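A quick write-up on the structure given underneath.
The values are calculated or read from the model by the stated rules, or taken from the named source; none is laboratory data. Quantities reported herein were computed from a predicted structural model and do not represent experimental measurements. Cβ placement follows ideal geometry from the backbone for every residue including glycine, while neighbour counts extend to all protein chains displayed.
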Amino acid sequence: MDIANYKIGIIGGGNMGRAIIKGLTGSLSSPKITAWDADSNCRESLENDLQVTIARDNRELATDCDIIILAVKPQIITPVVTEIADLLTDNKLLISIAAGVPCERLEKPLSNRVPTIRIMPNTPALINRGISAIAAGRDAGEEHLAITQKIFSCLGETVIVPESSMDMVTAVSGSGPAYVFLVIEALLDAAVGIGMNRELARTLVIETILGSTELVKKTGKQPMELKDMVTSPGGTTIAGLAELEKNGLRQAFNAALTSACQRSQELGK
Ligand SMILES: NC(=O)c1ccc[n+]([C@@H]2O[C@H](COP(=O)([O-])OP(=O)(O)OC[C@H]3O[C@@H](n4cnc5c(N)ncnc54)[C@H](OP(=O)(O)O)[C@@H]3O)[C@@H](O)[C@H]2O)c1
């Protein structure tokens, strides 16, 4: 299966639409990409800066393309699908990256049994370091999942999940970057609080988080085991860890993920 054989249409050329286009043009030699955005300045910049073909409108894009990726805000999804519904047939693939929009909602306005796929990417996708969770709708099969994985691997890693896991995925990796940014910010402020200058603190905190994450990933060891390796009896690390436990770090993350997951369920209704 070669992505170069498919015409890919991107509806919505904002942050994520652009990241997908940049990822595809950066990883494929001559991808066939068409885009459309409601904003004329955005269309102009897509054409001039990213060298993609601009469709006359969403209907022309849906007619011409084999794979249609919806990269518009969640509240715009149903109007856009309704606008192109009669042009979508079972040999096309409809992909949505809209947070909290189930495949069922994509399928509702359709007149044909069009394969649909729902994806939850996350913001590091903007620098091709994201993780995209991919779930198949009613009529999507293995081949549709495989082509979607190929397309979204240009934004980083991909995993296939059942759609029933999407609220949990939203809480963990969709919202996850914000938790990490908060942790970085808190560590930076704490470092400044003990007298370190902010520039040095930024370098130390970022490299510590990047290096520790890579260590977990590359060694395959449990975080607990790696934590034990740096925790000597009566030392500095155990003193710091004891404060984090006493101040409820673990409970705070449990509550955060439970709450984000519930909110995702509510928004999906
Ligand atoms: N950003 C993230 O980190 C992230 C992560 C996971 C999932 N997502 C999902 O990705 C989707 C896009 O997010 P984003 O941050 O890229 O949004 P965005 O920057 O606002 O981009 C959406 C673009 O779609 C355009 N648009 C609006 N109505 C349209 C229509 N009928 N036809 C074609 N284009 C239309 C918008 O134009 P106007 O500005 O003129 O309305 C805007 O340029 C959302 O559904 C979001 O849930 C985003």
*Kindly indicate which of S40, S96 is near the ligand (Cβ under 10 Å from one of its atoms), among the small types (G, A, S) and closer than 24 Å to D139 by Cα.*
S96
*Flag if S165 is modelled with pLDDT under 95, under 30 Å from H144 (Cα atoms) and among the hydroxyl-bearing types (S, T, Y)*: no
*Subset of region 17-30 (residues that are in contact with a strand residue (DSSP E or B) (Cβ under 9 Å, 6 or more places away or on another chain) and over 13 Å from L50 (Cβ atoms))*: none
*Candidate set from region 103-122 (those that are in a loop (DSSP other than H, G, I, E, B) and surrounded by 18 or more Cβ atoms within 10 Å (Cβ to Cβ)); member that is nearest to the chain's Cα centre (by Cα)*: P121
_I'd like the full set of residues that are in a loop (DSSP other than H, G, I, E, B) and among the hydroxyl-bearing types (S, T, Y), limited to region 85-102._
T89
*Which of the residues spanning region 25-47 are modelled with pLDDT under 95 and of a type in the set (S, T, N, Q)?*
T25, S27, S29, S30
*Report yes if E60 is surrounded by 14 or more Cβ atoms within 10 Å (Cβ to Cβ) and among the acidic types (D, E), otherwise no.*
yes
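Okay, residues lined up against (1) within 24 Å of G13 (Cβ to Cβ); (2) among the β-branched types (V, I, T):
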| residue | (1), (2) |
| --- | --- |
| E83 | yes, no |
| L88 | yes, no |
| V101 | yes, yes |
| V114 | yes, yes |
| T123 | yes, yes |
| R138 | no, no |
| E142 | no, no |
| Q149 | yes, no |
*So is A125 within 12 Å of the ligand (Cβ to nearest atom) and part of a loop (DSSP other than H, G, I, E, B) or not?*
no
_Every residue from region 156-187 that is assigned to a helix (DSSP H, G or I), of a type in the set (D, E) and closer than 21 Å to S264 by Cβ_ = E163, D167
*Restricting attention to region 143-153, does a residue exist that is in a helix (DSSP H, G or I), within 11 Å of the ligand (Cβ to nearest atom) and of a type in the set (A, V, I, L, M, F, W, C)?*
no
_helices (runs of 4 or more DSSP H) contained in region 207-269 and holding at least 2 residues farther than 23 Å from I194 by Cα_ = 223-229, 249-268
*Hey, can you tell me all the residues within region 188-206 that are farther than 15 Å from G240 by Cα and in a loop (DSSP other than H, G, I, E, B)?*
G195, M196, N197
*Would you point out the residue of region 83-128, among those that are hydroxyl-bearing (S, T, Y) and within 18 Å of C154 (Cα to Cα), that is modelled with the highest pLDDT?*
S96
*Residues in region 1-24 that are away from the ligand (no atom under 16 Å from the Cβ) and either modelled with pLDDT of 90 or more or surrounded by 19 or more Cβ atoms within 10 Å (Cβ to Cβ) (or both): how many?*
2
*Which listed residue, of G156, G176, G141, G137, is modelled with pLDDT of 95 or more and at positive phi*: G156
*Collect the residues in region 129-139 that are within 11 Å of F152 (Cβ to Cβ) and over 9 Å from the mean Cα position of the chain (by Cα), keeping them in residue-number order.*
I134
*asked:* Let me spell it out: the conditions are (1) more than 8 Å from the ligand (Cβ to nearest atom); (2) farther than 25 Å from D139 by Cβ, and E104 meets all of them except one. Which number is the exception?
replied: (2)
